[in-house]
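Below you'll find the structure, written out as structure tokens, and then a few comments.
The values are calculated or read from the model by the stated rules, or taken from the named source; none is laboratory data. Please read all numbers here as calculations on a predicted model, not as lab measurements. Positions of Cβ are backbone-derived with ideal geometry, glycine not excepted, and every protein chain shown enters the neighbour counts.
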Amino acid sequence: MKPPPFDYFAADCIEAAIQALADAGGDGKIIAGGQSLMPMLNFRLLRPSILIDINRIPDLAYVRDDGDEIRIGPLTRHRILETSDLIAKQFPVLHEAMGYVAHLAIRNRGTIGGSLSHADPAAELPMMSLLLDARLEVQSNAGRRTIEARDFFLGALTTALEDGDMLVEVRLPKLREETGWAFEEVARRSGDFALASVAVIMDSDGDWVSDIRIGMMGVGETPMRATEAENILTGQRYSEAAVAATVDAIRAAVEPNTDLHASADYRRHLVGILAQQALAKAWDRSRRASR
């Protein structure tokens, strides 16, 4: 299929892109990598009056160390995140997850800004932004504001971005060097969207879990944080019973859909298995790193 007709504008700065969005009155779309947008246009699921190309805007693709946080530009390609030494050092869980994103050709073109703005509930980067407490910098003609990742994803393919908004930077607070981590995902084939996925980052103090975050995807209308499960394990001695209670809370928190790939019951069972595996790996890495 071919996309519906649209006008095209190549922006050379953020301000020009934002003005073009405003002029479109809610009927414009930003195109960067186009890995999600173009299929939706081809299937005529979207009919924007204009596409605003931001690929010519300088200095929007970067991964920078800024003291207590890492700053990432919205045009940063998935492949850059996957191969960045800085990401591998500061966020090994993100480094691991990037290898599961679609296929190499898509990772070479897809961007972090596009993935977060598209907000597919079975995509890795939205879940990673929740897990890592990302702060998303958004700009419009009204100015610049920060949206916490936990407030950004409102539903399947729906975010807190308003008409005229452009995501201009992602900021990730650094983790402790001793933080344990794990990423587990099951898909029908390599590169497919996940049937379910769980990511964990964990800090330990002796035999106790001092802090933990648990992210999930593919099991709801948005990426999710298992906050009740986190509360069960935080401040507790790591044990088989504590892990079992945490896994039960995770299964109780999800509301997966049934589709042609898997039933809701299967996804709920699967997310528990993945959580159990991820918790064990994150705990082991945390203990080894703190010795």
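A few remarks follow.
- Meets criteria (in the same structural domain as Gly113 (by TED's automatic domain parsing) and crowded, with 17+ Cβ neighbours inside 10 Å) for Ile70: yes
- Within the range 1-52, the set of residues being charged (D, E, K, R) and within 22 Å of Ala119 (Cβ to Cβ) comprises Asp27, Lys29, Arg44, Arg47.
- Any hit, the range 34-47, residues being more than 27 Å from Ile201 (Cβ to Cβ) and touching a His at 6+ places or on another chain (Cβ under 8 Å): yes
Conditions tested, residue by residue: (1) closer than 24 Å to Gln236 by Cβ; (2) part of a loop (DSSP other than H, G, I, E, B).
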{"position": "Arg176", "(1), (2)": "yes, yes"}
{"position": "Trp181", "(1), (2)": "yes, no"}
{"position": "Glu185", "(1), (2)": "no, no"}
{"position": "Ser190", "(1), (2)": "no, yes"}
{"position": "Phe193", "(1), (2)": "no, yes"}
{"position": "Val198", "(1), (2)": "yes, no"}
{"position": "Ser204", "(1), (2)": "yes, no"}
{"position": "Asp211", "(1), (2)": "yes, no"}
{"position": "Gly215", "(1), (2)": "yes, no"}
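- Arg135 being in contact with a Lys or Arg (Cβ under 7 Å, 6 or more places away or on another chain) and either within 22 Å of Ile80 (Cα to Cα) or surrounded by fewer than 17 Cβ atoms within 10 Å (Cβ to Cβ) (or both): yes
- Evaluating Ser239 against the criteria (1) more than 23 Å from the chain's Cα centre (by Cα); (2) crowded, with 18+ Cβ neighbours inside 10 Å leaves one unmet condition, (2).
- Residue among Phe193, Phe183 that alone is touching a strand residue (DSSP E or B) at 6+ places or on another chain (Cβ under 7 Å) and either basic (Lys, Arg) or under 18 Å from Pro126 (Cα atoms) (or both): Phe183
- Selection of first residues in the range 199-211 that are of a type in the set (Lys, Arg) and of second residues that are in a strand (DSSP E or B), restricted to Cβ pairs under 6 Å at least 6 apart or on distinct chains, gives an empty result.
- In the range 16-33, residue nearest to Pro5 (Cα to Cα) [restricted to those that are buried (at least 16 other Cβ atoms within 10 Å of the Cβ) and of a type outside the set (Gly, Ala, Ser)]: Lys29
- All of (1) of a type in the set (S, T, N, Q); (2) out of contact with any Asp or Glu (no Cβ under 9 Å at 6 or more places or on another chain); (3) buried (at least 18 other Cβ atoms within 10 Å of the Cβ) hold for Ser115 with one exception: (2).
- Residues in the range 80-108 that are assigned to a helix (DSSP H, G or I), in contact with a helix residue (DSSP H, G or I) (Cβ under 8 Å, 6 or more places away or on another chain) and surrounded by fewer than 20 Cβ atoms within 10 Å (Cβ to Cβ): 4 in all.
- Residue satisfying condition, being at pLDDT 95 or above, over 28 Å from Ala282 (Cβ atoms) and either surrounded by 13 or more Cβ atoms within 10 Å (Cβ to Cβ) or of a type in the set (A, V, I, L, M) (or both), within set Leu175, Leu167: Leu167
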